[in-house]
Amino acid sequence: MDLNNYEKLLDKAYEKIPENVRQSSRFEIPKVETRIESRNTFITNFNKIISTLNRDKNHFKGIFLKKAGTMGEIRGQQLFLKGQYKDQVLNKLIENYTKTYVLCNICNKPDTQIQREGKKLYLKCTACGAREEIKEK
């Protein structure tokens, strides 16, 4: 195979890739900023985390509290957790949530939406078009 011909074929294939998939944006899983008062933990950058992940506050809160094994609520711009938690533990919970409910398993982009069909949840990727059932880990 001629090397020039290969380059032309490669360029042709690259042109057919959608623009939103071609762009390489660096997505970083947000880290928690906490404040501990007596025996309670407050995630002070809760709204920033939610906007970065592009998910519903109540969906995130429900899964996050369940995985943390505690009670809590949204208080203004913060998430209140009953009990004292280290940042490492909370960051790991956010990372697990992101891998399950935010990042596409095919292209690894955060451009996804959660869709419900009956009792099943699906992760629909707007970047590559993949659709996969969400299986909790």
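Looking at Gly72, Gly129, Gly76, which one is within 24 Å of Ile43 (Cα to Cα), without any contact (Cβ under 8 Å) to a residue 12 or more places away in the chain and surrounded by fewer than 16 Cβ atoms within 10 Å (Cβ to Cβ)?
Numbers: Gly72 fails: surrounded by fewer than 16 Cβ atoms within 10 Å (Cβ to Cβ); Gly129 fails: within 24 Å of Ile43 (Cα to Cα).
Result: Gly76 is the single residue among Gly72, Gly129, Gly76 that is within 24 Å of Ile43 (Cα to Cα), without any contact (Cβ under 8 Å) to a residue 12 or more places away in the chain and surrounded by fewer than 16 Cβ atoms within 10 Å (Cβ to Cβ).
So which residues in the stretch 52-69 are farther than 26 Å from Arg26 by Cα and either in contact (Cβ under 8 Å) with a residue 40 or more places away in the chain or in a loop (DSSP other than H, G, I, E, B) (or both)?
Hit for the stretch 52-69 is Gly69, nothing else.
Suppose the filter is in the same structural domain as Cys128 (by TED's automatic domain parsing), among the aliphatic types (A, V, I, L, M) and surrounded by 12 or more Cβ atoms within 10 Å (Cβ to Cβ); does Ile36 pass it? Quick ask: steps written out before the conclusion?
On the way: in the same structural domain as Cys128 (by TED's automatic domain parsing): no; among the aliphatic types (A, V, I, L, M): yes; surrounded by 12 or more Cβ atoms within 10 Å (Cβ to Cβ): yes.
Taking the combined requirement at face value, the residue does not satisfy it.
Among the residues of the stretch 60-75, is any of a type in the set (Asp, Glu), out of contact with any Pro (no Cβ under 6 Å at 6 or more places or on another chain) and farther than 23 Å from Val32 by Cα? Give the derivation first.
From the stretch 60-75, those of a type in the set (Asp, Glu) are 73; that's our starting set.
When the remaining residues are screened for being out of contact with any Pro (no Cβ under 6 Å at 6 or more places or on another chain), the result is 73.
If we keep only those that are farther than 23 Å from Val32 by Cα too, we end up with none.
No, the stretch 60-75 has no match at all.
Residue by residue through the stretch 89-121, note down the ones that are part of a loop (DSSP other than H, G, I, E, B), hydrophobic (A, V, I, L, M, F, W, C) and under 11 Å from the mean Cα position of the chain (by Cα).
First, pick out the residues of the stretch 89-121 that are part of a loop (DSSP other than H, G, I, E, B): 102-111, 118-119.
If we keep only those that are hydrophobic (A, V, I, L, M, F, W, C) as well, we get 102-104, 106-107.
Across the stretch 89-121, the qualifying residues are Val102, Leu103, Cys104.
The values are calculated or read from the model by the stated rules, or taken from the named source; none is laboratory data. What you see is a predicted model, and the numbers here were worked out from it, not measured in a lab. Every residue, glycine among them, receives a Cβ derived from its backbone with ideal geometry; neighbour counts consider all protein chains shown.
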